[in-house]
1. Filtering the range 130-161 down to residues that are aliphatic (A, V, I, L, M) and within 16 Å of Arg175 (Cα to Cα), which residue is surrounded by the fewest Cβ atoms within 10 Å (Cβ to Cβ)?
2. Going residue by residue through the range 124-143, is there one that turns out to be out of contact with any Leu (no Cβ under 8 Å at 6 or more places or on another chain), assigned to a helix (DSSP H, G or I) and either within 15 Å of the ligand (Cβ to nearest atom) or of a type in the set (Asp, Glu) (or both)?
3. Can you name the condition, by its number, that Arg175 falls short on among (1) over 16 Å from the mean Cα position of the chain (by Cα); (2) surrounded by 12 or more Cβ atoms within 10 Å (Cβ to Cβ)?
4. In the list Gly106, Gly47, Gly42, which residue meets the criterion of being closer than 21 Å to Glu10 by Cβ, touching a His at 6+ places or on another chain (Cβ under 6 Å) and buried (at least 20 other Cβ atoms within 10 Å of the Cβ)?
5. I'd like the full set of residues that are in a helix (DSSP H, G or I) and either more than 23 Å from Met59 (Cβ to Cβ) or touching a Gly at 6+ places or on another chain (Cβ under 8 Å) (or both), limited to the range 144-165.
6. Is it fair to say Leu154 is over 18 Å from Thr99 (Cβ atoms), in contact with a helix residue (DSSP H, G or I) (Cβ under 7 Å, 6 or more places away or on another chain), at pLDDT below 95 and of a type outside the set (Ser, Thr, Tyr)?
7. Go through the range 19-47 and count every residue that is under 24 Å from Leu133 (Cα atoms) and without any contact (Cβ under 8 Å) to a residue 24 or more places away in the chain.
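The values are calculated or read from the model by the stated rules, or taken from the named source; none is laboratory data. Remember, predicted model here, so these are calculated numbers, not experimental data. Cβ placement follows ideal geometry from the backbone for every residue including glycine, while neighbour counts extend to all protein chains displayed.
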Amino acid sequence: MLRGRFISVEGIDGAGKSTQLTWLVQYLQSRQLVLRQTREPGGTALGEKLRVLLLNDEMHLDTEALLMFAARNEHLQQVILPALAQGEWVLCDRFTDATYAYQCGGRGLAVERFATLEQWVQGREHGLIEPDLTLIFDVPLEVSQARMAGTRVLDRFEREQADFHSRVRAAYLQRAAQNPQRIRVIDASRSLELIQTELAQLMDEFLV
Ligand code: TMP
């Protein structure tokens, strides 16, 4: 059986990722793909417990980074790798690019530290397990801040100051520039119709 494909979806808080994800799921399912939708941090019973801690409890910055990778390891072992091996497609709301964006860009932890964790959790003989395609929904900070304002109770990351989110955005764009074959940046400040036309084209190319 063919290995399924692994797609991750990223963006700063308030970029409108959830709306696009819902649309993407419907689009891919309309193509008769067996799709596993999942998220990080989370995606397993243990991972969802870690998510509650990560989104709500104050902790040392290194603890935060290590818990992200602990949750990721469980997620890969229990969900992502078995699904891909069975030929399912995996659509994951955030993956390791989020760690580089938030923990390195936002929190300021050194990128070099993460190579070890990434190798530990995602390393295999033939290289790292990474998404086949990553979509970064990108919006200017004013747009994301306006979208988040007054919508619901904000979590620990969403409550961070504008300069934190600005560093997260810059780190995402840097990741995209460093990985042009894998990462596509989508201008999510446009109308839903324009965004979804671009997504449909992208998916059609990817499905070939
Ligand atoms: P979500 O609300 O978009 O699902 O994401 C949860 C939050 O977790 C989001 O603010 C980004 C943050 N996060 C990290 O800081 N590092 C990570 O590695 C991941 C996966 C998420």
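1. Of everything passing the filter in the range 130-161, Leu133 is surrounded by the fewest Cβ atoms within 10 Å (Cβ to Cβ).
2. The answer is yes; a qualifying residue exists.
3. Status for Arg175: all satisfied but (1).
4. Selected residue: Gly47, the only one of Gly106, Gly47, Gly42 that is closer than 21 Å to Glu10 by Cβ, touching a His at 6+ places or on another chain (Cβ under 6 Å) and buried (at least 20 other Cβ atoms within 10 Å of the Cβ).
5. Ser144, Gln145, Ala146, Arg147, Met148, Phe164, His165
6. yes
7. Of the residues in the range 19-47, 5 are under 24 Å from Leu133 (Cα atoms) and without any contact (Cβ under 8 Å) to a residue 24 or more places away in the chain.
Table: residues versus (1) over 16 Å from Gly16 (Cα atoms); (2) touching a strand residue (DSSP E or B) at 6+ places or on another chain (Cβ under 8 Å).
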{"residue": "Ala149", "(1), (2)": "no, no"}
{"residue": "Arg152", "(1), (2)": "no, no"}
{"residue": "Arg156", "(1), (2)": "yes, no"}
{"residue": "Ala162", "(1), (2)": "yes, no"}
{"residue": "Val168", "(1), (2)": "no, no"}
{"residue": "Leu173", "(1), (2)": "yes, yes"}
{"residue": "Gln196", "(1), (2)": "no, no"}
{"residue": "Leu199", "(1), (2)": "no, yes"}
{"residue": "Glu205", "(1), (2)": "yes, no"}
